[in-house]
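What follows is a short report on a single structure.
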Amino acid sequence: MNNDKKIEWLLFHSNVLYQKISDGTGIDVRTLKNYRRQLRINNNNHYEVVADEDALKLLDFIKSLKEDDVIDNEYIEEHQILVQGSREDIEKVFTSYKFAVKLNWIKEYKEELFIVNFGIRSKKQFNRYPYDLKELIYTFSRKNYDRKVKLANFIRAVGKEHHFGGSRTLYEVGGKKYQVIIDILDDNPYQVTQPLKVRDIIETDVFIEEN
């Protein structure tokens, strides 16, 4: 992620309060808001908008951010529900949404009906009636993708880059290295950020070649 994108991420998408950015950089809130307005007008080219000294302060501030500054990791609601389906299919669904859902255990209740204990990063309340997997997939997928994108953007903005040639890059954050697998979609001139589709985030010390 280049410096333009990092500053854009901080001011538009990081969810870090302007007051916190101001406290950490010494740039007053009014100036930060003005930078944000001007970045929209100038296609997010910070060289034309942000003073060089302030740009360096913002980039240093980005490097100092921790995951908890950007992503709400404090809560995970525990639930126990009945789910219709086979054990194999249930396990597959609950483990496919690792950024939002944590499977604790499964216990057979009766044929094709299981008690499932899990945690989810959501305030959603679940009912006592049996759930089918399609309903759960709809619930899990939206929360999972939202958190995956936030985590991917954080890693790409804050992480120390390790290059393996071309666009092959690992990002080091908190002593761990990550590979962010993304697809770049068609550019939309009316969209502030370059549209990306995040496929996965993998913790790895070696760049994994895609098939």
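The values are calculated or read from the model by the stated rules, or taken from the named source; none is laboratory data. Owing to the predicted nature of the structure, the values given are computational and were not obtained by experimental measurement. So basically every Cβ, Gly included, is an ideal-geometry build from the backbone, and we count neighbours across all protein chains shown. To get the accessible areas, we keep the full protein, side chains included, count just its heavy atoms, and leave off ligands, DNA and RNA. Shrake-Rupley method; radii C 1.70, N 1.55, O 1.52, S 1.80 Å.
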All positions within segment 165-211 that are outside any strand (DSSP E or B), in contact with a strand residue (DSSP E or B) (Cβ under 9 Å, 6 or more places away or on another chain) and at pLDDT 85 or above:
168, 204, 205, 206, 207, 208
Take the residues in segment 41-53 that are loosely packed, with under 14 Cβ neighbours inside 10 Å and assigned to a helix (DSSP H, G or I), then tell me which one is modelled with the lowest pLDDT.
47
Return yes when residue 131 is among the aromatic types (Phe, Trp, Tyr), under 17 Å from the mean Cα position of the chain (by Cα) and open to solvent by less than 70 Å² (accessible area, probe 1.4 Å) and no when it is not.
no
Given the criteria open to solvent by less than 40 Å² (accessible area, probe 1.4 Å) and either more than 24 Å from residue 151 (Cα to Cα) or hydroxyl-bearing (Ser, Thr, Tyr) (or both), does residue 120 qualify?
no
Residues located in segment 101-129, provided they are assigned to a loop (DSSP other than H, G, I, E, B) and on the phi < 0 side of the Ramachandran plot:
111, 121, 122, 123, 124, 125, 126, 127, 128, 129
Out of all the residues in segment 13-27, is one or more of a type outside the set (Phe, Trp, Tyr), over 28 Å from residue 180 (Cβ atoms), crowded, with 19+ Cβ neighbours inside 10 Å and out of contact with any strand residue (DSSP E or B) (no Cβ under 7 Å at 6 or more places or on another chain)?
yes
Check whether at least one residue in segment 17-26 is in contact with a Pro (Cβ under 7 Å, 6 or more places away or on another chain), under 27 Å from residue 124 (Cβ atoms), among the aliphatic types (A, V, I, L, M) and not in a helix (DSSP H, G or I), and report yes or no.
no
Among the listed residues 143, 92, which satisfies the condition of being closer than 27 Å to residue 199 by Cα and in contact (Cβ under 8 Å) with a residue 24 or more places away in the chain?
143
Taking residue 56, is it closer than 20 Å to residue 16 by Cα and either of a type outside the set (A, V, I, L, M, F, W, C) or open to solvent by 20 Å² or more (accessible area, probe 1.4 Å) (or both)?
yes
Residues of segment 64-100 being in contact with a Lys or Arg (Cβ under 8 Å, 6 or more places away or on another chain), in a strand (DSSP E or B) and among the hydrophobic types (A, V, I, L, M, F, W, C), in sequence order, are 81, 82
